[in-house]
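Participant: One structure, as structure tokens, below. Some questions next.
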Amino acid sequence: MPETLGEKLLKQRLVTEEQLATAIARQRLKGGRLGHNLVELGYISADELNAFFQVKPDVPKTIEETGLEASFIADLIMKHILHIGEFRIADVSERVKLPHSIVDSALETLRREKFIEVKGAAEYTKATYNFTITGQGKNRANELLDICRYVGPAPVPLDAYKKLVEIQTIKNIIVNEETVTQAFSHLILSPRLLRRLGPAISSGKAMFIYGPAGNGKTTIAETIGRVLPGTVYMPYAIIVGGQIITIYDPVTHIAVNSESASEQIDQRWIKIKRPVVMTGGELTLKTLDLDFNPISKFYEASLQMKANNGLFIVDDFGRQQIEPQHLLNRWIVPLERRTDFMTLHTGMKFDIPFDQIVIFATNLEPKNLVDEAFLRRIRYKIKIDHPTEEEYEAIFRKVAEANGIPFRKDMLDYLIKHYYKKYGVKFNACHPRDIIDHIIDDAHYYNREAQMNRESIDIAWENYFVEM
């Protein structure tokens, strides 16, 4: 089981057992998070608490501190240098993301074994040596590629990964009312809905966002991802039981530059914005497990591993290719214990942190998808309903102005009276965007200025809605 915040603070001697017990008692009485109660009691400062959750991976000074075997590092270097011609220590260090001293030691071993040789040097220092791979080295590198074709940054051990994920936990994010209000300012949402969303985001707990289609559930879920504060460190890859699992995905994760160019961290980790992973109807049980490539012979992390310390959005829940109950059975333990289990093709099982806000977004009724036992495990259930007429007008006005179309209240009244009320159609938050798009398309075709008038609204309605 992962260590609790209190256990971690005790281990680092930031608080005493007596102080921790007092803070826990205060938490039970007044609520809030343990860290907040420790700060309120004056046992730890807010700066000390924030620093505790912003631990960075230290640069390894020795091979032992990398958590890797010297032979593994040498083998990884062999695969890197196979096709790069002449190289220097700095070239290899950049590729494997290990310090020069550790790379130098590995290259010296390879040199003694006749796998590489020195071709020349600009000066009498090792840093300027030009190395090249030998014929014997090429044979060895090809043998290694047959075993595993991973050629990337050196991985970090599983324990190091678990430790940093737990420290960077999503449970300790601080989200206030001002931050949430600003993040959702581009949307027209009722104050009551914002009032409910704020605590849900701040809790770090799972939530159901449900309601009729076309009213912004996906947009709201994506906006929650932008609310998440701070950055986290993620490894390029980890090693478990001798098997490599890649985690960092440049398509999914957003790398950020360090605040200081002199910031010293273990280069096997990359600083990213808190991840936001979204999946929809393509989600299957297989995508929640490690993906082993039998050709390259290494793994790609599961979706929930890529989402650790961030947000995992299951969009269009209930429309996946598998039964919702089968999917939810897979999630019960991780959601409750915040720990998941993975299995290698060798049969080895291991646990990983399950540290993320999970959002299930659906336009189906939750009670028709899952049983009461599972709904209990979802802390927040938030319905996104049809907008009111006032909200609909505000959305329409905002969309029209964003597209450079003068908003006409009389034409909106015409639309509502002659179509919505006449045919009993409910307002949807997506309708203004789509109707305006139709008006723009029509104007472009006839090479005239897009305007809100009876003709453009009539055409837009006929094109957008099926016959009533």
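None of the figures in this text is laboratory data; all of them are computed from the coordinates on show. As the structure is a prediction and not an experimental result, all values here were calculated from the model. Cβ: placed from backbone, ideal geometry, glycine included. Neighbour counts: every protein chain shown.
Participant: Stretch TYR445-THR132 to full length: gain in nm at 0.36 nm per residue minus the Cα-Cα span?
Facilitator: Contour length minus Cα-Cα distance gives 106.4 nm.
Participant: To make sure I understand, if each residue's beta carbon is the centre and we count other beta carbons within 10 Å, what order do TYR210, TYR420, TYR464 fall in, fewest to most?
Facilitator: Listed from fewest to most nearby Cβ atoms, that is TYR464, TYR420, TYR210.
Participant: Based on alpha-carbon centroids, what's the gap between the range 161-236 and the range 280-294 in Å, whole number please?
Facilitator: Cα centroid to Cα centroid, the span is 25 Å.
Participant: Something else now. Measure off 7 Å from each Cα along the Cα-to-Cβ vector at GLU372 and GLU389, then give the distance between these two points in nanometres to one decimal.
Facilitator: 4.0 nm
Participant: Working from Cα positions, state the angle (0 to 90°, nearest 10) between the long axis of helix 454-464 and the longest principal axis of the chain.
Facilitator: Once rounded, one gets 50 degrees.
Participant: Considering only DSSP beta bridges with both partners in the chain, what is the antiparallel share in %, to the nearest 5?
Facilitator: Roughly 55 percent of the beta bridges in the chain run antiparallel, per DSSP.
Participant: Within 10 Å of each residue's Cβ, count the other Cβ atoms and sort LYS30, LYS306 from fewest upward.
Facilitator: LYS30, LYS306
Participant: Provide the net charge surrounding GLN27, with neighbours chosen by a C-beta distance below 12 Å and charges set as Lys +1, Arg +1, Asp -1, Glu -1.
Facilitator: So the surrounding residues net to +3.
Participant: If I fit a long axis through the Cα atoms of helix 191-203 and take the longest principal axis of the Cα atoms of the chain, what angle between them do I get, 0 to 90°, rounded to 10?
Facilitator: 20 degrees
Participant: Report D for the range 55-202 in µm² per second (integer): Stokes-Einstein, Kirkwood Rh on Cα pairs, 37 °C, 0.692 mPa s.
Facilitator: Value of D from the Cα-based Kirkwood radius: 175 µm²/s.
Participant: Follow-up question, since we're still on this one. Under a point spin-label approximation (7 Å from Cα along Cα-to-Cβ), what is the ARG397-ILE382 distance to one decimal in nm?
Facilitator: With each label point 7 Å from Cα toward Cβ, the separation is 2.5 nm.
Participant: What distance in nm lies between label points placed 7 Å from Cα along the C-beta direction at ILE174 and GLU40?
Facilitator: According to this spin-label approximation, the distance is 1.5 nm.
Participant: Below 11 angstrom from the Cβ of TYR43, what's the summed charge of the other residues (Lys, Arg +1; Asp, Glu -1)?
Facilitator: Spelling it out: positives minus negatives among the neighbours equals -2.
Participant: Next up: All other residues with a Cβ under 10 Å from the Cβ of LEU144 taken together, and with Lys, Arg as +1 and Asp, Glu as -1, what is their net charge?
Facilitator: Every neighbour counted, the sum reads 0.
Participant: Looking at the range 310-402, send over the antiparallel percent of its DSSP beta bridges, to the nearest 5.
Facilitator: 50 percent
Participant: May I pose another question? Excluding same-chain residues fewer than 8 positions from LYS286, which aspartates and glutamates have a Cα within less than 14 Å of its Cα?
Facilitator: Partners found: GLU300, GLU323.
Participant: Give me the angle, in degrees from 0 to 90, between the Cα long axis of helix 17-30 and the longest principal axis of the Cα atoms of the chain, rounded to the nearest 10.
Facilitator: That works out to roughly 10 degrees.
Participant: Name the aspartates and glutamates eligible as straight-distance cross-link partners of LYS217: C-alpha to C-alpha under 12 Å, and not fewer than 8 places from it in the same chain.
Facilitator: ASP315, ASP316, ASP385
Participant: Another question about this same structure. Using just the helices of the chain, give the 222 nm mean residue ellipticity in deg cm²/dmol: DSSP H runs with n ≥ 4 each add -39,500 (n - 2.57), and the total is spread over all residues, rounded to 500.
Facilitator: The helix contribution divided over the chain gives -12500 deg cm²/dmol.
Participant: How fast does the range 69-154 diffuse by Stokes-Einstein, in µm²/s, taking the Kirkwood radius from C-alpha pairs at 25 °C and 0.890 mPa s?
Facilitator: It diffuses with D of about 194 µm²/s by this estimate.
Participant: May I pose another question? Can you put VAL466, VAL96, VAL59 in order of Cβ neighbours within 10 angstrom, beginning with the fewest?
Facilitator: In increasing order of surrounding Cβ atoms, one gets VAL466, VAL59, VAL96.
Participant: Dimensions of the chain along principal axes (Cα, Å, largest first)?
Facilitator: Its Cα atoms span 87, 66, 43 Å along the three principal axes.
Participant: Pairs LYS398/LYS426; LYS367/LYS398; LYS271/LYS398; LYS205/LYS297; LYS56/LYS349: which exceed 26 Å Cα-Cα?
Facilitator: LYS367/LYS398; LYS271/LYS398; LYS205/LYS297; LYS56/LYS349
Participant: Given the options ASN215, ILE188, VAL165, identify the residue whose Cα lies farthest towards the positive end of the charge dipole of the chain (+1 on Cβ of Lys, Arg; -1 on Cβ of Asp, Glu).
Facilitator: Most positive-ward Cα: VAL165.
Participant: By how many nm would the segment from ILE459 to CYS430 lengthen if fully extended, with 0.36 nm per residue of separation less the alpha-carbon distance?
Facilitator: Taking 0.36 nm per residue and subtracting the Cα distance, the gain is 8.7 nm.
Participant: Give the residue from ILE270, MET342, VAL256 lying farthest towards the positive end of the charge dipole for the range 255-368; charges sit on Cβ (+1 for Lys and Arg, -1 for Asp and Glu) and the dipole is referred to the Cα centre.
Facilitator: Going by the charge dipole, the pick is MET342.
Participant: A further question on this structure: Figure the gain on full extension for LEU145 and ASP58 (residue separation times 0.36 nm, minus the Cα-Cα span) and round it to one decimal in nm.
Facilitator: 28.3 nm is the gain from fully extending LEU145 to ASP58.
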